[in-house]
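Visitor: Below you'll find the structure I mean.
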Amino acid sequence: GVEQVSQRDSFVWQARPTDPELEAEMLRRLLVFMGLGEAQADTVLAADPEPVARATLQRDTSNQPYLQVQEDFERTWQRTGLALDRLGFPIKDRNRAQGTYLILYLDPEQNIGQGKGFWAGLFGNDEKPAPQQYVISLVEARENTRVLVKSPAGQIDKTAEQILTLLQAQLK
């Protein structure tokens, strides 16, 4: 869903995280509106099966992580773009024909305690590390889509795996 957020002198609509309880209540109200009794609507919602994970983190034969998404390329492309927006990743470039997103990401753990002492940390220069570019590739595999994240050097490092984990939480 979306929510209205204040930005100085105006309001904008911003994507918000999914809310299963709100979705269930809206579905219940829709069922009642369409003629189902409230007790029947509650029964239908109570019988809701366990959701199936659409995105699972897996490893290939060379132990490289990837996301296996149980949807076709078109739907996965759209949902990945929305997930990147929700996560706040700046998208530097996107190429649908190649199935790639070029994003910027600054690993919060990257430069923690890099040889600075206590006083240097307080009074030293305020140099901030530059965000790194990562390539997110979507590859169609039959009815599924494989999502890979590679570092600027073309490798799948620890940070790339963290990005995959964040994407999995959004695409599940």
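The values are calculated or read from the model by the stated rules, or taken from the named source; none is laboratory data. From a predicted model like this one, the values you see are computed outputs, not experimental measurements. With ideal geometry, Cβ positions are generated from the backbone for all residues, glycine too; neighbour counts draw on all protein chains shown.
Visitor: Sort through Leu106, Leu45, Leu82 and tell me the only one that's farther than 20 Å from Lys158 by Cα and at pLDDT below 90.
Guide: Only one candidate passes the filter, namely Leu45.
Visitor: Only one residue in Phe89, Phe73 is closer than 14 Å to Leu138 by Cα, surrounded by 11 or more Cβ atoms within 10 Å (Cβ to Cβ), assigned by TED's automatic domain parsing to the domain that holds Asp157 and of a type in the set (A, V, I, L, M, F, W, C), so which one is that?
Guide: Of the residues listed, the single one that is closer than 14 Å to Leu138 by Cα, surrounded by 11 or more Cβ atoms within 10 Å (Cβ to Cβ), assigned by TED's automatic domain parsing to the domain that holds Asp157 and of a type in the set (A, V, I, L, M, F, W, C) is Phe73.
Visitor: If you don't mind, another one. I need every pair where a residue in the stretch 152-168 that is within 14 Å of Ala55 (Cβ to Cβ) has its Cβ under 6 Å from the Cβ of a residue that is assigned to a helix (DSSP H, G or I), sequence separation at least 6 or different chains.
Guide: Cβ pairs passing all conditions: Leu166/Leu87; Leu167/Ala83.
Visitor: Specify which of the listed residues (Gln68, Gln98) is exposed (fewer than 12 other Cβ atoms within 10 Å of the Cβ), assigned by TED's automatic domain parsing to the domain that holds Ala169 and in contact with a Ser or Thr (Cβ under 9 Å, 6 or more places away or on another chain).
Guide: Checking each option against the conditions leaves just Gln98.
Visitor: Return the pair list, or none, for Cβ contacts closer than 7 Å from residues in the stretch 81-108 that are over 14 Å from Tyr134 (Cβ atoms) to residues that are surrounded by fewer than 16 Cβ atoms within 10 Å (Cβ to Cβ) and of a type in the set (Val, Ile, Thr), at least 6 apart or on different chains.
Guide: Sorted first by the residue in the stretch 81-108, then by its partner, the pairs are Gly99/Val139.
Visitor: Quick one: in the stretch 127-151, which of the residues that are in a loop (DSSP other than H, G, I, E, B) and either out of contact with any Phe, Trp or Tyr (no Cβ under 7 Å at 6 or more places or on another chain) or under 23 Å from Ala55 (Cβ atoms) (or both) is modelled with the lowest pLDDT?
Guide: For the stretch 127-151, the residue satisfying everything is Glu127.
Visitor: Then there's this: Which numbered condition trips up Pro65, out of (1) touching a strand residue (DSSP E or B) at 6+ places or on another chain (Cβ under 8 Å); (2) at pLDDT below 90?
Guide: (2)
Visitor: Would you tally the residues in the stretch 1-17 being touching a helix residue (DSSP H, G or I) at 6+ places or on another chain (Cβ under 9 Å) and not in a strand (DSSP E or B)? Can you show your working first?
Guide: Within the stretch 1-17, the subset touching a helix residue (DSSP H, G or I) at 6+ places or on another chain (Cβ under 9 Å) is 1, 15-17.
If we keep only those that are not in a strand (DSSP E or B) as well, we get 1, 16-17.
Residues meeting the conditions: 3.
Visitor: Let me ask something additional. Return the residue satisfying two criteria in turn: it lies in the stretch 160-172 and is in contact with a strand residue (DSSP E or B) (Cβ under 7 Å, 6 or more places away or on another chain) and surrounded by 14 or more Cβ atoms within 10 Å (Cβ to Cβ), and of such residues it is modelled with the lowest pLDDT.
Guide: For the stretch 160-172, the residue satisfying everything is Lys172.
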